[in-house]
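Enquirer: Okay, here's the structure, questions in a sec.
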Amino acid sequence: MKKRPDGRFFYDSVSAKSLRVPLSGRRTCTRSARLINAGSAEDTAGVSRSPRLIKVSVMTARCRILIRWLAMLLCCGSSVLHASTLVLVSIDGFRWDYLDRPEASQMKALADRGVRVTKLRTVYPSKTFPAHMSIATGLRPAQHGIVDNYFCRTDRPDCYTMGSGKKDPTWLAGTPIWTLVEQQGGRASTFFWPESDAAFSGVLPTDYRAYDGRTPHAERVEQAISWLALPAPERPKLVTLYFSSVDSAGHTYGPDAPETLAAIADVDSWIANLWQAIEALNARENAGINLVLVSDHGMAAVDPDQFIDTNTLPRPGSFKRVNASTRVMYYPQEPDANQDALVEKLAAQSEGRYWQVSPETLAERSYVDHPAVAAIVIETDPPRMFRRGGGEGADLRGMHGYPASIDDMAAFLVAIGPDFRVGRVIPEAHQLDVYPVAASLLGLSVPEGLPSDGAALRQALSAERE
Ligand code: AMP
Ligand code: ZN
Ligand code: ZN
């Protein structure tokens with residue numbers, strides 16, 4: 001691996017040695033912290049150990065590898081010969097049509113050599129945590145429990161904010177793909193993904209990082225490549241990466257702004273570096289590494305002059321009110337909270353700027369039957385959104401969270417690697433299709449009762465894997 005003048009890494013020759021990227025002494029959570037009691041995660045990295053302990057952990061590492069191979073032999077039979085790895089990369093807020101912009105040309109080139117889902121439809125609401133959790137678990141928000149980035153529940157006094165699952169996994173339901181990998185004898189290594197640092201059923205990924213949005217992209221990609229460059233028996237079955245910069249720029253400057261294009265170009269170059277490393281490993285070691293790029297939602301342009309000031313909306317003491325930017329949710333706090341009166345009051349001052357989402361519409365969006373689903377949900381559409389203070393001093397030109405029927409909310413998906421077809425375009429698939437297809441690719445059995453069998457996306461897989 002070599003370094004460019006701009007500090008980025010690239011590969012100009014294929015050598016196993018060159019593919020080993022040092023960890024630079026950074027803190028990484030390891031499997032020693034994997035099996036824990038809920039809420040008692042412990043980062044043991046950096047703890048000095050006695051020689052005896054080191055000996056024991058080397059033995060443990062050997063045993064782990066052996067156990068993994070035995071587990072694979074027992075459960076997957078012939079797939080041992082064609083072991084696959086999946087690198088699942090999320091580019092937050094990468095709208096479906098960004099891929100056609102010149103700034104995304106390297107990702108587009110990968111799509112041309114692999115599979116492109118033109119519009120990946122999102123769950124409702126199209127927010128970061130619900131959508132990432134749905135991609136990771138194959139469940140709808142009202143099933144995995146993360147129904148928005150911020151929400152309350154009628155059956156508990158506290159409210160959820162982004163990443164609450166790390167401290168308190170009782171917010172979370174379902175079995176994310178990284179947990180599925182671990183439960184079925186594989187190794188999962190996550191470098192960010194919403195709630196990937198939380199213990200699901202008491203299990204954490206072998207490697208994971210506590211979320212820090214300031215972590216340089218170089219560090220994320222280098223670490224992912226280091227994991228992939230491990231000797232085959234130790235190589236993770238699943239590696240995840242996450243980038244938030246395209247979403248952040250889209251919010252601040254708008255989906256068409258030069259700053260957003262620059263953020264796309266930056267991520268594009270990192271993806272190109274990552275793929276170059278993967279290709280080298282695949283060519284040299286027949287490593288069977290596949291790459292899937294996916295986003296959680298798109299981005300719509302918003303106009304601060306049309307923002308709805310939440311300070312002007314009713315706030316009866318008998319309700320908890322949560323502003324979710326494209327929606328406002330009201331949770332009754334008392335059994336006799338007067339919902340009809342609140343609905344009437346809201347309607348009287350709406351002037352067509354927002355409306356209540358009817359129970360039927362919520363049901364159509366599968367947003368029902370969970371204590372986190374508020375009794376009254378009002379929503380608006382772009383270029384409007386809800387904000388305290390309206391548009392006053394708002395550095396905000398882009399938003400998401402609107403229903404999937406708004407095309408600008410559509411996400412993207414690109415898949416490339418030995419287990420994917422070449423040059424296939426799938427006009428439309430759904431985020432819920434990702435989990436069952438990823439599980440098939442990795443030879444994992446999935447929990448029963450998933451809402452999707454992944455049919456729309458399954459044609460992305462090569463004939464043997466389909
Ligand atoms: P949204 O408000 O839906 O646009 O959420 C995007 C934000 O989620 C990004 O700015 C990230 O910083 C944040 N985020 C992403 N992953 C995590 C995480 N694992 N923990 C906490 N915050 C996160
Ligand atoms: Zn997002
Ligand atoms: Zn966002």
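The values are calculated or read from the model by the stated rules, or taken from the named source; none is laboratory data. Given the structure is predicted, the values throughout are model-derived calculations rather than measurements. In this analysis, Cβ positions are derived from the backbone assuming ideal geometry, glycine residues included, and neighbour counts consider all displayed protein chains. Quick note on the areas: whole protein, heavy atoms, side chains included, nothing else; ligands and nucleic acids left out. Shrake-Rupley method; radii C 1.70, N 1.55, O 1.52, S 1.80 Å.
Enquirer: Has the range 389-400 got at least one residue that is farther than 23 Å from ASP309 by Cα and surrounded by 19 or more Cβ atoms within 10 Å (Cβ to Cβ)? Quick ask: steps written out before the conclusion?
Expert: Here is the first cut: in the range 389-400, the ones farther than 23 Å from ASP309 by Cα are none.
No, the conditions are met nowhere in the range 389-400.
Enquirer: List the pairs whose first member sits in the range 364-379 and is on the phi > 0 side of the Ramachandran plot, whose second member is in a loop (DSSP other than H, G, I, E, B), and whose Cβ atoms are under 7 Å apart, counting only residues at least 6 apart or on separate chains?
Expert: Short answer, once both residue conditions are applied: SER366/ARG140.
Enquirer: Also, quick follow-up: Only one of ALA439, ALA415, ALA460, ALA363 is open to solvent by 10 Å² or more (accessible area, probe 1.4 Å) and either at pLDDT 95 or above or farther than 30 Å from GLY185 by Cβ (or both); which?
Expert: ALA363
Enquirer: Within the range 274-305, how many residues are open to solvent by less than 10 Å² (accessible area, probe 1.4 Å), part of a strand (DSSP E or B) and either free of Cβ contacts under 8 Å to residues at least 60 places away in the same chain or within 16 Å of ligand 1 (Cβ to nearest atom) (or both)?
Expert: Qualifying residue count, the range 274-305: 2.
Enquirer: If GLU182 meets every condition in (1) under 29 Å from SER445 (Cβ atoms); (2) open to solvent by 20 Å² or more (accessible area, probe 1.4 Å); (3) more than 9 Å from ligand 1 (Cβ to nearest atom) apart from one, which number is that one?
Expert: It fails just one condition, (2).
Enquirer: Then there's this: State whether the residues of the range 148-165 include one that is within 16 Å of ligand 1 (Cβ to nearest atom) and closer than 22 Å to ALA438 by Cβ.
Expert: yes
Enquirer: Same structure again: Please state which one of ARG321, ARG353 is part of a loop (DSSP other than H, G, I, E, B) and surrounded by fewer than 20 Cβ atoms within 10 Å (Cβ to Cβ).
Expert: Values: ARG321 fails: part of a loop (DSSP other than H, G, I, E, B).
Testing whether each residue is part of a loop (DSSP other than H, G, I, E, B) and surrounded by fewer than 20 Cβ atoms within 10 Å (Cβ to Cβ) leaves just ARG353.
Enquirer: Determine whether PRO216 is over 23 Å from ALA104 (Cβ atoms) and away from ligand 1 (no atom under 11 Å from the Cβ). Steps first, please.
Expert: On the way: over 23 Å from ALA104 (Cβ atoms): no; away from ligand 1 (no atom under 11 Å from the Cβ): yes.
Taking the combined requirement at face value, the residue does not satisfy it.
Enquirer: Of all residues being under 18 Å from VAL373 (Cβ atoms) and not in a loop (DSSP other than H, G, I, E, B) in the range 324-342, which is most open to solvent (accessible area, probe 1.4 Å)? Just the residue, please.
Expert: Taking the candidates together, the pick is GLN339.
Enquirer: Can you tell me which residues in the range 232-262 are part of a loop (DSSP other than H, G, I, E, B) and farther than 20 Å from ASP100 by Cα? Quick ask: steps written out before the conclusion?
Expert: Here is the first cut: in the range 232-262, the ones part of a loop (DSSP other than H, G, I, E, B) are 235-237, 244, 254-257.
If the condition is that a residue be part of a loop (DSSP other than H, G, I, E, B) and farther than 20 Å from ASP100 by Cα, then ARG235, PRO236, LYS237 are the ones that fit.
Enquirer: Would you say ALA104 is at pLDDT 95 or above, surrounded by fewer than 24 Cβ atoms within 10 Å (Cβ to Cβ) and more than 16 Å from ligand 3 (Cβ to nearest atom)?
Expert: no
So that you can scan it fast, the table gives a plain yes or no per residue for (1) of a type outside the set (S, T, N, Q); (2) under 24 Å from MET399 (Cα atoms); (3) more than 15 Å from ligand 3 (Cβ to nearest atom):
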site	(1), (2), (3)
SER226	no, no, yes
ALA232	yes, no, yes
LEU241	yes, yes, yes
HIS251	yes, yes, no
PRO258	yes, yes, yes
ASP266	yes, yes, yes
SER269	no, no, yes
ASN273	no, no, yes
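Enquirer: Do we find a residue being β-branched (Val, Ile, Thr), within 16 Å of ligand 2 (Cβ to nearest atom), over 30 Å from CYS152 (Cβ atoms) and open to solvent by less than 20 Å² (accessible area, probe 1.4 Å) anywhere in the range 242-260?
Expert: yes
Enquirer: For the range 111-131, indicate whether the set of residues that are under 25 Å from GLN333 (Cβ atoms), at pLDDT 95 or above and either surrounded by fewer than 24 Cβ atoms within 10 Å (Cβ to Cβ) or touching a strand residue (DSSP E or B) at 6+ places or on another chain (Cβ under 6 Å) (or both) is non-empty.
Expert: Checked against the condition, which is being under 25 Å from GLN333 (Cβ atoms), at pLDDT 95 or above and either surrounded by fewer than 24 Cβ atoms within 10 Å (Cβ to Cβ) or touching a strand residue (DSSP E or B) at 6+ places or on another chain (Cβ under 6 Å) (or both), the range 111-131 yields no hits at all.
Enquirer: Across the range 203-224, which residue is most open to solvent (accessible area, probe 1.4 Å) among those that are small (Gly, Ala, Ser) and part of a helix (DSSP H, G or I)?
Expert: Out of the qualifying residues, it is ALA218.
Enquirer: Restricting to the range 197-227, count the residues that are hydrophobic (A, V, I, L, M, F, W, C) and in contact with a strand residue (DSSP E or B) (Cβ under 6 Å, 6 or more places away or on another chain).
Expert: The qualifying residues number 2.
Enquirer: Only one residue in THR215, THR190 is under 26 Å from VAL267 (Cβ atoms) and more than 14 Å from the chain's Cα centre (by Cα). Which one? Let's see the steps before the verdict.
Expert: Details: THR190 fails: more than 14 Å from the chain's Cα centre (by Cα).
Exactly one of THR215, THR190 is under 26 Å from VAL267 (Cβ atoms) and more than 14 Å from the chain's Cα centre (by Cα), namely THR215.
Enquirer: With of a type outside the set (A, V, I, L, M, F, W, C), farther than 29 Å from ALA287 by Cα and either assigned to a helix (DSSP H, G or I) or more than 16 Å from ligand 1 (Cβ to nearest atom) (or both) as the only criterion, which of TYR124, TYR98 stands out?
Expert: Within the list TYR124, TYR98, the selection yields TYR98.
Enquirer: Right, something else. Tell me which of these MET162 doesn't satisfy, since it passes every other one: (1) within 16 Å of ligand 2 (Cβ to nearest atom); (2) crowded, with 22+ Cβ neighbours inside 10 Å.
Expert: If we test MET162 against (1) within 16 Å of ligand 2 (Cβ to nearest atom); (2) crowded, with 22+ Cβ neighbours inside 10 Å, just (2) comes out false.
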